[in-house]
Amino acid sequence: MVVGNYKVEMLDKTSNQYIPTVAGLGMHVDVKDPDGAVVMSRTYASEGRFTFTSHTAGEHVVCLFSNSSAWFGGAMLRVHLDIQIGEHANDYQQIATKDKLTELQLRVRQLIDQVEQITKEQNYQRNREERFRQTSESTNQRVLWWSIAQTLILLVTGFWQMRHLKSFFEAKKLV
Amino acid sequence: MIKMSLVLLVFIILNNVAIGDTLTFELSEREKSCFYQDFSGSRKYILQYKVLRGGNNDIDASLESPNGKILYKESRQSRDEFEFHTSNGTFTICFSNEFSTFSAKVIYFELRSQVMETLDSEAGVTSRPNAPTYLDAVLETVHKSFTRIAIYQKDSRLKEGSNKHAMDSLNNGVQFWSVLITFSVLLTGLGQVIVLKTFFTEKRKTKA
């Protein structure tokens, strides 16, 4: 699960400070998964929080753009963005009090969380390596078959040309 | 949190991980993107960036301190790592793809503290009642090793992403050009015969 928080501020030319924008400025958030399918596409206010859950391993694309075509005469916008990935809360004090952990237990819990992340990443890499291998095999196959096909097509075209021209010249009584 | 100043933003993933703040974003051709980070106090920080894909995999990058001093400025680099001392204020990190006419670039960059976070600071523990024991030291060493592993994994993931993109491009390229070449061969073969025949249809030549 991915949680994103954003806040858009506008540069106020008079005070040269970034102030919260007036109402009416919305931000459209688009999220696409690694295969290009749209996971989420919604419009939020100038300050908002969006969440989505990823189902495929790989690169997801998050797009933020303004939905208002009437731009405030080229005003500068400042966007604050914070994206948290994963369900685990990193507030260990909260976890310690909730699960009543001693100091040592909390430290070990932190290390266990780290190892879990490392394991997740390793699994991800293994998955990617497999897909990479598939693409590699496919390229290899394609190169092989297209080379054979093109050689054959070249030979067939050559023979056809010669035969066609021979019968053409014979018809023209030039040979 | 990283702040950006642009009207249209396209990013790929922003991660606030134990190793630091990271962002992967796409920078269109002939455009420039700046990012801002507030710091307080003075610490050693590292800015690392890498062009993941696009064109010649190069980008202009610069780092400016709050009082306008340019701490780092390089042109057309594909990756680099730069250490600097933070101070109070907003630091500006700019990437420029203005030299490129056709290629959008996907850039990864991260800001992380040079000193690795300890278990205590991660847990939000500010002070300890007792002096650290041997066990504490061992646990810290393990934590440091795991953090290093996470950093290597991150580098590995970036490289894998670039490789995958290159491989996909290669695969699609092979397909596309093979079809094109086959079509060209057939067209040329047919064209040659047709053109040759026109040489012999209008006028009579004694020799072929």
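Step through the table entries B:K105/B:K164; A:K7/B:K50; A:K98/B:K144, compare each Cα-Cα distance with 18 Å, and write down the pairs that go over it.
A:K7/B:K50; A:K98/B:K144
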Legend entry - Rg/Rh ratio calculated on Cα atoms of the stretch A:88-175 (Kirkwood radius): 1.73
Inset, instruction - Give me a single rounded figure for B:166-179: the average over its residues of other chain Cβ atoms within 10 Å of their Cβ. - result: 4
Legend entry - Computed E for B:K69/B:S113 - FRET, C-beta separation, R0 30 angstrom, nearest 0.05: 0.90
Legend entry - Under the Karplus curve 6.51 cos²θ - 1.76 cosθ + 1.60, θ = phi - 60°, whole-Hz ³J(HN,Hα) for the stretch A:156-171, x wherever Gly or Pro sits: 4, 4, x, 4, 4, 4, 4, 5, 5, 5, 4, 5, 5, 5, 5, 5
Inset, instruction - Only loop residues by DSSP count here, and only those with at most 14 other Cβ atoms within 10 Å; note down the trypsin sites (Lys or Arg not before Pro) in the stretch B:107-208 that meet that. - result: B:K203, B:R204, B:K205, B:K207
Legend entry - Listing of the stretch B:103-144 residues, each with accessible area lower by at least 50 Å² in the full protein assembly than in the chain alone (probe 1.4 Å): B:L119, B:E122, B:A123, B:R128, B:L139
Inset, instruction - Determine how large the accessible area of B:M116 is when every protein chain is in place; take a 1.4 Å probe and give Å² rounded to the nearest 10. - result: 50 Å²
Legend entry - In nm, spacing of pseudo-spin labels at A:S15 and A:D30 (7 Å Cα→C-beta vector): 3.5 nm
Inset, instruction - Would you kindly enumerate the cysteines in the protein assembly as shown that have no other Cys beta-carbon under 4.7 Å from their beta-carbon? - result: A:C63
Legend entry - Share of carbon and sulfur in the accessible heavy-atom surface of chain A [1.4 Å probe, %]: 56 percent
Inset, instruction - With label points built 7 Å along Cα→Cβ from the Cα atoms of A:M1 and B:N163, find their separation and express it in nm. - result: 3.4 nm
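Taking R0 as 56 Å, what's the FRET efficiency between A:I112 and A:S147 from their Cβ-Cβ distance, rounded to 0.05?
0.60
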Legend entry - Accessible area buried between chains B and A, both sides summed, probe 1.4 Å, in Å² to nearest 100: 5900 Å²
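May I ask you to give the solvent-accessible area per residue for the protein assembly as shown, in square angstrom, as obtained with a 1.4 angstrom probe? Show your work: numbers first, answer last.
Numbers: 22500 Å² over 383 residues.
Ligands and nucleic acids excluded, the figure is 59 Å² per residue.
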Inset, instruction - Please find the FRET efficiency linking A:T102 to B:S40, where r is the Cβ-Cβ separation and R0 is fixed at 35 Å, and quote it to the nearest 0.05. - result: 0.60
Legend entry - B:F176 accessible area, assembled protein chains, probe 1.4 Å, Å²: 120 Å²
Legend entry - Filtered trypsin sites (Lys or Arg not before Pro), the stretch A:98-150: DSSP coil and at most 16 other beta carbons within 10 Å: A:K100
Inset, instruction - Go through the stretch B:68-147 and name the GluC sites (Glu not before Pro) that are in a DSSP coil and have 14 or fewer other Cβ atoms within 10 Å of their Cβ. - result: B:E98
Inset, instruction - Assign one of three labels to chain B, namely rounded, prolate or oblate, based on the Cα gyration tensor with a ≥ b ≥ c the square roots of its eigenvalues; rounded applies when a/c is under 1.5, prolate when it is not and a/b is larger than b/c, and oblate otherwise. - result: prolate
Legend entry - Label point distance in nm, B:F82-A:F159, each placed 7 Å from Cα along Cα→Cβ: 6.5 nm
Legend entry - Gain on full stretching of the segment that runs from A:R133 to A:A171 - 0.36 nm per residue minus C-alpha separation: 8.1 nm
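Roughly speaking, to the nearest percent, how much of the stretch B:51-208's 1.4 Å accessible area is carbon and sulfur?
Details: 5500 of 9500 Å².
After summing per-atom areas, the C and S share lands at 58 percent.
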Inset, instruction - Can you grab the distance from the C-alpha centre of the stretch B:63-129 to the C-alpha centre of the stretch B:163-178, Å, no decimals? - result: 33 Å
Inset, instruction - When a/c is below 1.5 the answer is rounded, else prolate if a/b is larger than b/c, else oblate, so apply that to chain A with a ≥ b ≥ c taken from the square roots of the Cα gyration tensor eigenvalues. - result: oblate
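The values are calculated or read from the model by the stated rules, or taken from the named source; none is laboratory data. In this text, all values refer to a predicted model and were calculated from it rather than measured experimentally. Every residue, glycine as well, gets a Cβ built from its backbone with ideal geometry; the counts of neighbours run over all protein chains shown. Ligands, DNA and RNA are excluded from the accessible area calculation, which covers all protein heavy atoms including side chains. Shrake-Rupley method; radii C 1.70, N 1.55, O 1.52, S 1.80 Å.
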